[in-house]
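Here the structure is laid out as structure tokens; the discussion comes afterwards.
The values are calculated or read from the model by the stated rules, or taken from the named source; none is laboratory data. These numbers come from a predicted model, not from an experiment. Here the Cβ is made from the backbone with ideal geometry for all residues, glycine too, and neighbour counts use every protein chain on show. Accessible surface is based on the protein model in full, side chains and every heavy atom, while ligands, DNA and RNA are left aside. Shrake-Rupley method; radii C 1.70, N 1.55, O 1.52, S 1.80 Å.
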Amino acid sequence: MGKRLAGMFWALVFLAVPVLGVATFAVAPSINVWLPKDVSEHGRQIDSLFYFILVLTGVVFVATEVLLFWFIWKYDAVKQQGPATYIQGSHTLEVVWTIIPAATLLFLAIYQMNAWADVKMRRPAMAPTVEVVARQFEWRLRYPGRDGTLGTADDLFLVNDLHLPIDEDVLIQLKSMDVLHSFFLPHVRIKQDAVPGMKIPVWFKAREEGAFDIVCAELCGWGHYKMKGRVTYESRAKFDAWLERKYAEQEATQPQSEAADVALVR
Amino acid sequence: MTPPTTTASPAVDHGHVTVPAHGHAPHGGLSHFLSTYVFSKDHKVIGLQFLFSTLLWFLIGGLLALAVRWQVAWPWSPVPVLGKLFAQEGGQMAPEFYTMLFTMHATVMIFLVIIPILAGAFGNFLIPLMIGADDMAFPTLNMLSYWFMWPAFIAFGASFFVEGGAAAGGWTSYPPLSTNVASSPGSGWGQTLWLLGLTFVGVSSMLGSVNYMTTIILMRAPGMTMFRLPMTIWAMFITAVLQAFALPVLTAAGFMQLADRVFNTGFFSPEGLVVNNLTSGPGGGQPLLWQHLFWFYSHPAVYIMILPAMGMVSDILTCFARKPLFGYRPMVYSIAGIAGLGFIVWGHHMFMSGMNPALGITFMVSTMMIALPSAVKTFNWLGTLWGGRIQFTTSMLFAMSFVSMFIIGGLSGIFMAATPVDIFIHDTYFIVAHFHYVLFAGTAMGVWAAIYFWFPKMFGRTMNEFWGKVHFFLTFIFLNGTFFTMHILGAVGFPRRLADAYHYETFHHLQPMNAFMTWCAIGMVATQIIFAINFVWSMFRGPVAGRNPWNANGLEWTAPSPPGHGNFDYQPIVYRGPYEYSVPGADKDHLMQTDPPNAAAAAAAAAAH
Ligand SMILES: [Cu+2]
Ligand SMILES: [Cu+2]
């Protein structure tokens, strides 16, 4: 009797895996430990793909874990009479459980290509809105000056305070001065490593106003944890007004030529 | 059941085998002691040397993990015990110390624990025993493969005490952070020692892998065809092949990084770097080159870190389900498939790196497909349990938990393989959850299954089952408490490797959850005290095991426990596959691989096909 109970106990321990696993994911959104708010145009593609894979893997997870529990529960040597079933395998089953996952995985692979291409391959034909240059441990920003072109003497230099207009494509030119960093904007589902020696384009379209975190997601040294910036998404009008204010501030504090020297940006 | 001669004495004479290193006989006590226990060429002694060394490093790696978890849960609060050792102001850790901790936690666990405990400890101990050989093909190389670990132990160990501390560029050592001395305190001597340590681990692995391949190909007992090999041996064989082909790339890359640091060659640094306001290096290099070379080794290494555990778990599951392995050949082919595909998926670590996004798509497709052989293996393990007669030994509990946990680790991998989703979860706790499910909840649980299973063969005594089960139960609970929660933390985008993330508006509410995980991690490490005591106590006081305490059917169970020098007291001859459990018509519930065929069993086997 005691041995029977022991087998049942262990089987239930294994059943706890799918039960608590599903419970964790079910509770997570209600305690706010879940995907942060998305304010981007392309983010819904990423999020819906996340949910799609979550459901797909969730079904497989529950099915296989429950099956494992059931076999442990049922085929306890103490409960069963006689010897085990002598079977070396099944050709049919092997074919079935090879073909079905293969087809599913292949579908998943093809299905996601479009979202990836939208975020990383179909770059909008436009001049950069802003250049972001990472360095230990801050985000240096360079906006085109009043002349509208980047790389001229009247460029605007800022640190950690990124502003971007909503409802239109923005193109960020991402660089690094020293080591690897990663430009992570959780609320618009953007992440891209900044690599010294490379100029990497990053683009997206924000849909909503608001201010959010810029996080560094690639280890860049002891101060990695504090490499924090803020990004503010605002209407075109507010963005233009903000730019105007910043132009004025920069012009008031220093002559244009000096501004270009100060920022160690090439 | 047991072979004809049952002399359990380890000093059994065996006329048929030539035993190397047995020649120089009476040499006095010390040199005998040295050649038997220290510079031994006996694969079993070398295996145990690997086992003891790696278990000690496992403890160190675990304590490093606790220190990491301490900082994540309660940033900047004084660290108990460790705070006094590496005193900062008030015993709190500095952020550079934190980066060093997680770098060395991963380094120790990967290079000094998982890889050497699988191939070094179990590969060494089991390969000759399970194929019916008296030792490895090259005993001296084998001895060297262990002793080359020592320079690595010393290099990694000493690096904690040099100026600037141990390496702090992450276990992946991405340049320029790792090559540019000005970029981080750990990029001084610590990083140089790290590279040296890595090289020595590589030499050790290479010596081992050459030996394993040769031994498995050439030294199988009569009748032991390739398709009669137990899964453990298949896994060890394919792991050795992976090592042999992937390691040279890492070694070369390591030397290039060393040259960048020592000779300023600039393989991995572009020109015009300005680090810490210092312009440095001639440039002309590419940081992404290192990532390609590093992952060309380190992705196959992921399989080096799991395949042997898969093999051992397959053998343990069949034994305690008293059933043949379901789909032996598909299991072999899927290991081979994993190994082959394993060479063309490395780019999935670089989706966000700046690598051509079109190339990212190819790596995404190959990565999706590598999930397939893992799925096939999982289904076959379930098939093995179906219709079995499960015996709830500690070893079996660990083996079944390997399957349960590997399902989680395998499925979570699909999220990262999906490139668009990876944009969000890359370098968050989601990936931390994923690889801990594969490497801790998977491999480490498999290793415990193997320790409880083969302990009687190693020491002639069995471990305590009651405390073994307590060890299993607590480890299982605490590991899920620690690691499962990481998935949802990753869903928030909670980044890894941050000394303090709570000053971000996005993450500031996650501290209580991290504190919970740290308490679970503390419980998990504390639980290992039970294991340590059980291990040491059972070595000397455990119940004496016969040759075959589990009624298993592999060749190792026909040898004495522990086997003497030369392993077998008679020449094993193999008549059948490794999983003949519950054969209909047989007079006992398992047929050893050495049991000659009889009419009834042959008829039943034919009927089953
Ligand atoms: Cu950083
Ligand atoms: Cu990989």
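Numbers at a glance
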item: For region A:1-69 versus region B:323-346, the gap between their alpha-carbon centres in whole angstrom; result: 27
item: Relative contact order, percent, chain A [alpha-carbon distance under 8 Å, six or more residues apart]; result: 19
item: Pairs beyond 32 Å (Cα-Cα), from B:LYS41/B:LYS323; A:LYS175/A:LYS238; A:LYS120/B:LYS377; A:LYS37/B:LYS377; A:LYS226/B:LYS469; A:LYS74/B:LYS588; result: B:LYS41/B:LYS323; A:LYS120/B:LYS377; A:LYS37/B:LYS377; A:LYS226/B:LYS469
item: Antiparallel DSSP beta bridges within region A:130-265, percent to nearest 5; result: 70
item: FRET efficiency, A:TYR247 to B:ASN356 (Cβ-Cβ, R0 56 Å, nearest 0.05); result: 0.90
item: Other protein chain Cβ atoms within 10 Å, averaged over every residue that makes up A:32-43; result: 3
item: Region B:307-545 shape via C-alpha gyration tensor axes, a/c threshold 1.5; result: oblate
item: Apportionment of accessible area to carbon and sulfur, chain A, percent (1.4 Å); result: 63
item: With DNA, RNA and ligands ignored, accessible area of B:GLU505 (1.4 Å probe; Å², nearest 10); result: 90
item: Counted charge near A:LEU5, where neighbours are those whose Cβ lies closer than 13 Å (Asp, Glu -1; Lys, Arg +1); result: +2
item: Size-normalised alpha-carbon gyration radius of chain A, reference 2.2 N^0.38 Å; result: 1.47
item: Within the protein assembly as shown, helix-based [θ] at 222 nm, where runs of 4 or more DSSP H residues each add -39,500 (n - 2.57), nearest 500; result: -17500 deg cm²/dmol
item: Region B:437-523, relative contact order in percent, only Cα pairs under 8 angstrom and at least six apart counted; result: 28
item: Dimensionless Rg/Rh of the protein assembly as shown - Kirkwood Rh, Rg from C-alpha atoms; result: 1.00
item: Rough spin-label spacing in nm, given labels placed 7 Å along Cα→Cβ, for B:VAL536 and A:THR232; result: 6.2
item: Pair-distance profile P(r), taking every C-alpha pair of region A:131-229, with 10 angstrom steps and integer %; result: 16, 49, 31, 4
item: Among beta bridges that DSSP assigns inside region A:71-184, antiparallel share in %, nearest 5; result: 65
item: Pairwise burial A:B, computed as accessible area of each alone minus the pair, summed, 1.4 Å, Å²; result: 9100
item: Spin-label pair B:ALA158/A:ASN160, simplified geometry with 7 Å Cα→Cβ offset, distance in nm; result: 4.0
item: Nearest-10 value in Å² for the accessible area of B:TYR581, using the 1.4 Å probe; result: 10
item: With every protein chain in place, region B:430-569: carbon and sulfur % of accessible area (1.4 Å); result: 74
item: Projected area averaged over orientations for region A:1-149, convex hull of C-alpha atoms, nm²; result: 16.7
item: Linear extension gain, A:ARG207 paired with A:LYS79, 0.36 nm per residue minus alpha-carbon span; result: 40.0 nm
item: Reciprocal mean inverse distance between Cα atoms of region B:311-378 - Kirkwood radius, Å; result: 13.7
item: Pairwise centroid distance, computed over Cα atoms, of region B:91-155 with region B:505-548, Å; result: 21
item: Segment A:ALA127-A:SER30, extension gain: residue separation times 0.36 nm, minus the distance between their alpha carbons; result: 30.7 nm
item: Peptide-level mean, for B:481-487, of C-beta atoms on other protein chains within 10 Å; result: 2
item: Residues of the protein assembly as shown: accessible area per residue with a 1.4 Å probe, Å²; result: 35
item: For residues of A:207-220, the mean tally of beta carbons on other chains within 10 Å; result: 5
item: Extent along principal axes [Cα atoms of region B:46-305; Å; largest to smallest]; result: 68, 46, 28
item: Virtual spin-label span in nm between A:ASN114 and B:PHE255, 7 Å along Cα→Cβ; result: 5.0
item: FRET efficiency, A:LYS199 to B:ILE217 (Cβ-Cβ, R0 45 Å, nearest 0.05); result: 0.30
item: P(r) weight above 30 Å for chain B, C-alpha pairs, percent; result: 54
item: Stretchable slack from B:HIS509 to B:ILE344, in nm (0.36 nm times residue separation minus alpha-carbon distance); result: 55.4 nm
item: Chain B: relative contact order as a whole-number percent, Cα under 8 Å and 6+ apart; result: 16
item: Sites A:ALA102 and B:LEU278 - FRET efficiency at Förster radius 60 Å, r taken between beta-carbons, to 0.05; result: 0.70
item: Degrees between helix A:91-111 axis and first principal axis of chain A (Cα, 0 to 90, nearest 10); result: 10
